[in-house]
Amino acid sequence: MPTRTSRSLLLLLLPLLALAACGAGGHASADYRPTLAAPPPPARVADGAIFHAENGYAPLTSGTRASMVGDIITIALIERTQASKSNSAGTSRSGSIGLTGPSTGPLDFFNPSDARASGDLSFSGKGSAEQSNTLSGEITVTVAEVFPNGTMLVRGEKLVTLNRGDEYIRISGLVRPQDVTADNRIASTRVADARITYSGSGEIAVASRQGWLQRFFSAVSPF
(Lines give C-alpha, C1' and ligand atoms only; values in the text may rest on other atoms or scores of the structure.)
Protein backbone atom coordinates (compact mmCIF):
# COMPACT_ATOMS: atom_id res chain seq x y z
CA MET A 1 0.00 0.00 0.00
CA PRO A 2 1.45 3.38 -0.91
CA THR A 3 1.92 5.72 1.98
CA ARG A 4 0.47 9.20 2.18
CA THR A 5 3.91 10.68 1.55
CA SER A 6 4.43 8.63 -1.60
CA ARG A 7 0.98 9.56 -2.90
CA SER A 8 1.69 13.24 -2.31
CA LEU A 9 5.01 12.95 -4.10
CA LEU A 10 3.30 11.22 -7.01
CA LEU A 11 0.75 14.00 -7.29
CA LEU A 12 3.55 16.55 -7.40
CA LEU A 13 5.41 14.63 -10.10
CA LEU A 14 2.40 14.09 -12.38
CA PRO A 15 2.50 17.63 -13.89
CA LEU A 16 6.24 17.31 -14.48
CA LEU A 17 5.80 13.94 -16.17
CA ALA A 18 3.06 15.35 -18.37
CA LEU A 19 5.26 18.25 -19.44
CA ALA A 20 8.15 15.91 -20.15
CA ALA A 21 5.91 13.72 -22.28
CA CYS A 22 4.76 16.74 -24.26
CA GLY A 23 8.33 17.81 -24.94
CA ALA A 24 9.63 14.38 -25.84
CA GLY A 25 9.77 12.95 -29.32
CA GLY A 26 9.58 14.59 -32.71
CA HIS A 27 7.03 17.06 -33.95
CA ALA A 28 6.03 15.36 -37.17
CA SER A 29 2.39 16.17 -37.87
CA ALA A 30 -0.04 14.06 -39.84
CA ASP A 31 -1.51 17.24 -41.31
CA TYR A 32 1.77 17.97 -43.12
CA ARG A 33 2.60 14.53 -44.46
CA PRO A 34 3.58 14.52 -48.13
CA THR A 35 0.74 13.92 -50.54
CA LEU A 36 1.48 11.13 -52.95
CA ALA A 37 0.44 11.18 -56.58
CA ALA A 38 -2.92 9.64 -57.33
CA PRO A 39 -2.82 6.15 -58.85
CA PRO A 40 -3.37 5.99 -62.59
CA PRO A 41 -7.02 5.80 -63.63
CA PRO A 42 -8.38 2.50 -64.86
CA ALA A 43 -8.19 1.81 -68.54
CA ARG A 44 -10.97 3.49 -70.43
CA VAL A 45 -13.20 1.78 -72.88
CA ALA A 46 -12.17 2.68 -76.40
CA ASP A 47 -14.50 5.41 -77.57
CA GLY A 48 -12.53 6.75 -80.51
CA ALA A 49 -11.26 9.86 -78.65
CA ILE A 50 -7.55 10.58 -78.24
CA PHE A 51 -7.89 13.21 -75.51
CA HIS A 52 -9.17 12.75 -71.96
CA ALA A 53 -8.63 15.52 -69.45
CA GLU A 54 -8.75 13.16 -66.49
CA ASN A 55 -5.64 11.34 -67.72
CA GLY A 56 -3.31 14.01 -66.33
CA TYR A 57 -3.46 16.47 -69.19
CA ALA A 58 -1.18 19.50 -69.01
CA PRO A 59 -0.71 22.10 -71.75
CA LEU A 60 2.57 22.17 -73.63
CA THR A 61 3.16 25.73 -72.43
CA SER A 62 3.43 24.58 -68.80
CA GLY A 63 6.48 22.43 -69.48
CA THR A 64 7.45 20.46 -66.39
CA ARG A 65 5.80 22.84 -63.93
CA ALA A 66 3.94 21.25 -61.05
CA SER A 67 0.25 20.99 -61.83
CA MET A 68 -0.99 17.72 -60.34
CA VAL A 69 -1.51 16.24 -56.89
CA GLY A 70 1.75 14.88 -55.58
CA ASP A 71 3.98 17.21 -57.62
CA ILE A 72 6.82 18.93 -55.76
CA ILE A 73 7.31 22.69 -55.40
CA THR A 74 10.16 24.49 -53.64
CA ILE A 75 9.12 27.55 -51.65
CA ALA A 76 11.73 30.24 -51.02
CA LEU A 77 11.01 31.80 -47.63
CA ILE A 78 11.30 35.56 -47.99
CA GLU A 79 9.42 36.93 -45.02
CA ARG A 80 10.26 40.36 -43.62
CA THR A 81 7.80 42.47 -41.67
CA GLN A 82 8.29 45.58 -39.59
CA ALA A 83 5.81 47.71 -37.69
CA SER A 84 6.10 50.66 -35.35
CA LYS A 85 3.60 52.80 -33.49
CA SER A 86 3.94 55.75 -31.13
CA ASN A 87 1.65 58.30 -29.53
CA SER A 88 1.86 61.06 -26.97
CA ALA A 89 -0.58 63.31 -25.15
CA GLY A 90 -0.38 66.16 -22.67
CA THR A 91 -2.85 68.38 -20.84
CA SER A 92 -2.48 71.17 -18.29
CA ARG A 93 -4.86 73.30 -16.28
CA SER A 94 -4.40 75.95 -13.59
CA GLY A 95 -6.65 78.28 -11.64
CA SER A 96 -6.64 80.62 -8.63
CA ILE A 97 -9.10 82.59 -6.54
CA GLY A 98 -8.66 85.24 -3.86
CA LEU A 99 -10.80 87.58 -1.77
CA THR A 100 -9.85 91.06 -0.62
CA GLY A 101 -11.69 92.36 2.47
CA PRO A 102 -12.56 96.00 3.16
CA SER A 103 -9.96 98.17 4.85
CA THR A 104 -12.52 99.96 7.03
CA GLY A 105 -15.59 98.96 8.94
CA PRO A 106 -16.32 95.90 11.05
CA LEU A 107 -14.54 93.62 8.56
CA ASP A 108 -11.26 95.52 8.46
CA PHE A 109 -9.69 92.69 10.44
CA PHE A 110 -10.05 90.37 7.39
CA ASN A 111 -6.66 89.36 6.00
CA PRO A 112 -6.73 88.71 2.23
CA SER A 113 -4.02 86.07 2.57
CA ASP A 114 -6.49 83.89 4.55
CA ALA A 115 -8.88 83.56 1.58
CA ARG A 116 -6.79 82.62 -1.41
CA ALA A 117 -6.86 79.32 -3.28
CA SER A 118 -5.04 78.04 -6.33
CA GLY A 119 -4.65 74.73 -8.11
CA ASP A 120 -2.70 73.14 -10.96
CA LEU A 121 -3.46 70.01 -12.96
CA SER A 122 -1.21 68.48 -15.55
CA PHE A 123 -0.94 65.19 -17.42
CA SER A 124 1.54 63.79 -19.93
CA GLY A 125 1.66 60.37 -21.50
CA LYS A 126 3.75 58.67 -24.15
CA GLY A 127 3.79 55.21 -25.65
CA SER A 128 5.63 53.42 -28.42
CA ALA A 129 5.85 49.89 -29.83
CA GLU A 130 8.04 48.27 -32.46
CA GLN A 131 8.09 44.79 -33.93
CA SER A 132 10.07 43.21 -36.74
CA ASN A 133 10.36 39.67 -38.08
CA THR A 134 12.67 38.07 -40.62
CA LEU A 135 12.58 34.53 -41.99
CA SER A 136 14.64 33.20 -44.87
CA GLY A 137 15.39 29.75 -46.24
CA GLU A 138 13.79 27.14 -48.46
CA ILE A 139 11.36 24.28 -47.99
CA THR A 140 10.05 21.81 -50.52
CA VAL A 141 6.40 20.83 -50.33
CA THR A 142 3.93 18.73 -52.29
CA VAL A 143 0.69 19.63 -54.03
CA ALA A 144 -2.14 18.33 -51.87
CA GLU A 145 -5.11 19.43 -53.96
CA VAL A 146 -5.85 21.10 -57.29
CA PHE A 147 -8.98 23.23 -57.57
CA PRO A 148 -11.09 23.69 -60.72
CA ASN A 149 -9.54 27.11 -61.46
CA GLY A 150 -6.04 25.63 -61.36
CA THR A 151 -5.07 27.01 -57.94
CA MET A 152 -3.10 24.47 -55.95
CA LEU A 153 -3.09 23.77 -52.22
CA VAL A 154 0.48 23.01 -51.12
CA ARG A 155 1.75 21.91 -47.72
CA GLY A 156 4.75 20.27 -46.17
CA GLU A 157 7.23 20.34 -43.34
CA LYS A 158 10.94 19.99 -42.73
CA LEU A 159 12.19 18.37 -39.53
CA VAL A 160 15.86 18.63 -38.60
CA THR A 161 17.20 16.73 -35.60
CA LEU A 162 20.20 18.48 -34.10
CA ASN A 163 22.54 17.53 -31.31
CA ARG A 164 20.44 19.08 -28.54
CA GLY A 165 16.94 19.21 -30.00
CA ASP A 166 14.73 19.37 -33.06
CA GLU A 167 14.01 22.23 -35.43
CA TYR A 168 10.98 22.09 -37.67
CA ILE A 169 9.28 24.36 -40.16
CA ARG A 170 5.82 23.91 -41.64
CA ILE A 171 4.01 25.74 -44.38
CA SER A 172 0.70 25.49 -46.19
CA GLY A 173 -1.14 27.77 -48.56
CA LEU A 174 -2.51 28.38 -52.04
CA VAL A 175 -0.40 29.06 -55.13
CA ARG A 176 -1.24 29.94 -58.70
CA PRO A 177 0.35 27.84 -61.45
CA GLN A 178 1.32 31.10 -63.21
CA ASP A 179 3.56 32.03 -60.24
CA VAL A 180 5.53 28.78 -60.35
CA THR A 181 8.79 29.12 -62.26
CA ALA A 182 10.07 26.65 -64.82
CA ASP A 183 12.17 24.89 -62.14
CA ASN A 184 9.16 24.59 -59.82
CA ARG A 185 10.06 27.35 -57.40
CA ILE A 186 7.94 30.08 -55.88
CA ALA A 187 8.49 32.83 -53.32
CA SER A 188 6.60 32.63 -50.04
CA THR A 189 5.28 36.13 -50.68
CA ARG A 190 3.26 34.67 -53.57
CA VAL A 191 1.57 32.06 -51.37
CA ALA A 192 -2.00 32.99 -50.46
CA ASP A 193 -3.47 32.18 -47.06
CA ALA A 194 0.00 31.09 -45.97
CA ARG A 195 0.46 29.33 -42.63
CA ILE A 196 4.12 29.27 -41.65
CA THR A 197 5.38 27.75 -38.41
CA TYR A 198 9.01 27.72 -37.34
CA SER A 199 9.79 26.32 -33.93
CA GLY A 200 11.83 23.73 -32.09
CA SER A 201 12.15 21.53 -29.07
CA GLY A 202 14.90 20.14 -26.88
CA GLU A 203 17.21 21.40 -24.18
CA ILE A 204 17.86 24.79 -25.77
CA ALA A 205 14.16 25.47 -26.40
CA VAL A 206 13.22 24.39 -22.87
CA ALA A 207 15.93 26.54 -21.30
CA SER A 208 14.63 29.64 -23.11
CA ARG A 209 11.07 29.28 -21.74
CA GLN A 210 9.63 30.12 -18.35
CA GLY A 211 8.87 27.29 -15.96
CA TRP A 212 5.26 26.18 -15.61
CA LEU A 213 4.98 27.58 -12.09
CA GLN A 214 6.42 30.93 -13.14
CA ARG A 215 4.01 31.07 -16.09
CA PHE A 216 1.14 30.43 -13.68
CA PHE A 217 2.10 33.32 -11.40
CA SER A 218 2.71 35.56 -14.43
CA ALA A 219 -0.82 34.83 -15.64
CA VAL A 220 -2.51 35.61 -12.31
CA SER A 221 -0.28 38.47 -11.26
CA PRO A 222 -2.17 41.81 -11.21
CA PHE A 223 1.04 43.82 -11.73
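The values are calculated or read from the model by the stated rules, or taken from the named source; none is laboratory data. Please read these numbers as outputs of a predicted model, since none were measured by experiment. Cβ: placed from backbone, ideal geometry, glycine included. Neighbour counts: every protein chain shown.
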* To do: Answer yes if at least one residue in the range 160-167 is more than 26 Å from ASP71 (Cα to Cα) and of a type in the set (S, T, N, Q), and no otherwise.
  => yes
Before we move on, is VAL160 of a type in the set (Val, Ile, Thr) and at pLDDT 90 or above? no
Within the range 188-206, of all residues that are more than 30 Å from ASN163 (Cβ to Cβ) and surrounded by 14 or more Cβ atoms within 10 Å (Cβ to Cβ), the one farthest from the chain's Cα centre (by Cα) is ARG190
Counting only strands (runs of 3 or more DSSP E) entirely within the range 108-223, those with at least 1 residues that are touching a Pro at 6+ places or on another chain (Cβ under 7 Å) are 116-146, 152-162
